[in-house]
1. With a sphere of radius 10 Å drawn around the Cβ of A:E250, what net charge do the other residues whose Cβ falls strictly inside it have (Lys, Arg +1; Asp, Glu -1)?
2. Ordering A:K206, A:K142 by accessible area with a probe of 1.4 Å, largest first, what comes out?
3. Report the normalised scattering of the stretch B:195-332 as log10 I(q)/I(0) at q = 0.19, 0.22 Å⁻¹, calculated by the Debye formula with identical scatterers on the alpha carbons.
4. What does the charge add up to near B:I161, with Lys and Arg as +1, Asp and Glu as -1, over the other residues with Cβ less than 10 Å from its Cβ?
5. At 24 Å minimum axial length over the Cα atoms and a Kyte-Doolittle cut of -0.5, report the qualifying DSSP H helices in chain B, or say none.
6. How large is the dipole of the stretch B:104-290 about the Cα centre if only Lys and Arg carry +1 and Asp and Glu carry -1, each at its Cβ, rounded to the nearest 20 debye?
7. Which one, B:M260, B:V228, B:S150, is farthest towards the positive end of the dipole of the stretch B:104-290 when Lys and Arg carry +1 and Asp and Glu -1 on their Cβ?
8. Could you give the radius of gyration (one decimal) and Dmax (whole number) of the Cα atoms in the stretch B:104-290, in Å?
Amino acid sequence: MPPKAIFAAPGDHHTPPPPETRPLAAFRIEDTVSAPTASRNGVVSALRRHPPALIGVAILAGVTLLALLSPLLFPGDPLAITGEPFLWPFASLAHPLGTDSLGRDILAGVAHGARVSLRIGLSATALGLVLGVAAGALAGYKGGWTDAAISRLIEIFQTVPSFVLLVVLVAITQPSAGTLSAAIAIVTWPTVARLARAEFRSLREKDFVLAARSLGYSHTRIIIHEILPNALPPIVVTASVMVASAILMESALSFMGLGDPNVVSWGSMIGQGREYLRSAWYISALPGLAIMLTVLALNLIGDALNEALNPRKRGGRA
Amino acid sequence: MKRHLPRLARIAGHAGLRALPTAIGIVILGFFLLQQAPGDAVDVLSGESGGLSTEAAAALRHHAGLDQPVLSQLAAYLTGLAHGDLGWSARFNVPVTSLILQRLPGSLLLSGTALVVSVLAGAALGALMAAREGSWADRGLSVAALLFYSLPSFWISLMLIVVFSIHLGWLPSGGSQTIGGPEGGLAGLLDHARYMVLPVTSLSLFYIAIYARLVRVAMIEARAQDYVRTARAKGLSESRILIRHILRNALLPLTTVAGMHLGGMLGGGVVVETVYGWPGLGRLAYESVIGRDFRVLLGILLLSSLLVIVANALVDILQGLLDPRVGVSHAA
């Protein structure tokens, strides 16, 4: 790998990210140069100062509440037929958002779909973070052959169009919440790995790591207790965007009928409404609004976190 | 210009050298992934035709090479690949290569147009937002960008169909040309273009949102640089400063992400092409998943990865042209 020293100059703001480091969300996390960890208070107060982020937090809290309460609010199978078909929204008190082509309640579907979307979004992100941080930390800290091998693997996974790979992965497994999350994690880990690698590479040269090493700390301890907390800020920003894109991916898969057929999901509701666009477009429209609100909330939070944790924008970086 | 050439050649050579092991890795990864798939195309055919006799199924498997051990299947696959042969599609009963090449132009046309539209619209909107930073136009466009950034493309597709095809009746809701409509000539071209408007829009909106945000930030950042102050102090005109000094630097990050988004567009094409019934690789991928024809799926995976590799190499070269610093340190 050629040294790209020209890009590494700190404070050189107008240089583009080097071709080797092209995170998916490059437009948000341009600056991967690490900073001392922002304190938790700093994050909270930054979120408070940022009204759009508050809106995001409120929407996300609402969706989470709906997901958690859906078994209480809408007991029974959301796939069960509960009324006459093609009831428009607001036409009946029993079905505030109307019913679909089979007479299933749309509000109950949206509420139960929130559970599915959030669960897959969170578990896929958690899995992707663990995989990505582990690989990136190893590559960045060890360097040498380990780095070369892992970087090659990252490059392979980032070259393959991710949605095509996702479709292949889903095609070879039985779709369920577990396999969908795993497939999405396999598609998304390289972004995190690339980011973590860059962080670990620059942090391992810092004095505090040298100090830890001279104190005789083990590599594992240095990686987990010394470097990781300092590498977290950009990874946290990416995590919120990852949840959003995991939700989008899951919905696209279930829209095409490649998701878990046994649960109701926003994507599958949109897919089933597709046949009736001409006469009853609301069947597809409403679950889409749920996706939009949830993803929008996550993106708003991601933006605010980026502003709070991005050292360049805070201007207080040494 | 003379000194450009060896540098660009070096960048291109570098990109090629880097791409080769990646390409080989992708072939092997893809092949072993699809070996994990339960059932093969012959199973599906047998299910659909109401059951094949064991002998007929075995004959079909033998014909498609599905009865060989895994490693010899890989060896046969690699040998074939070296000759541009991706194997035989048991599902469509044609060579995979010709099946894919037949769909390739449709996909390239769709994602290429979407990429160009996204870059142009994104750069224009981003520049506008940066020029009016903090104004209502900037805020409104920022909110719109965030909204479109949060919408799934398949949902946008359906809603565009509801509005523009069903209610207004302006544009067709699917297909790629009017059946029995004008062939060739300007009329045929226009007819084709009408069918492209909605798919291209559905695919682009997400990327326009990304690029607008990106260019906005890059331009605001670039114009605060010292070299812009220097240029202004030299007495250069504002338009010259905007184009030569600010925009040129602000476009660098755009070329990086736009190149890597080709893969995203090809992937997004799976959904959008399926919705609009557009004859491209994406819809073929969907059809081959449903038909469990993994050879076709593998071929699509490889070809779309190859396109991404080519796009990345082109971006490296383009950046060499835009940024004289790129590639200078490679010689060291």
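1. 0
2. Most to least solvent-accessible, the answer reads A:K142, A:K206.
3. Result of the Debye calculation: -1.11, -1.27.
4. +2
5. B:4-35, B:96-131, B:185-222, B:248-276, B:294-322
6. Dipole size: approximately 840 debye.
7. B:V228
8. Computed over the Cα atoms of the stretch B:104-290, radius of gyration and Dmax are 19.4, 64 Å.
The values are calculated or read from the model by the stated rules, or taken from the named source; none is laboratory data. All of these numbers come straight from a predicted model, not from anything done at the bench. All Cβ positions, glycine included, derive from the backbone under ideal geometry; neighbour counts span all protein chains shown. When the accessible area is computed, the model is the full protein with side chains, heavy atoms only, and any ligands, DNA or RNA have been set aside. Shrake-Rupley method; radii C 1.70, N 1.55, O 1.52, S 1.80 Å.
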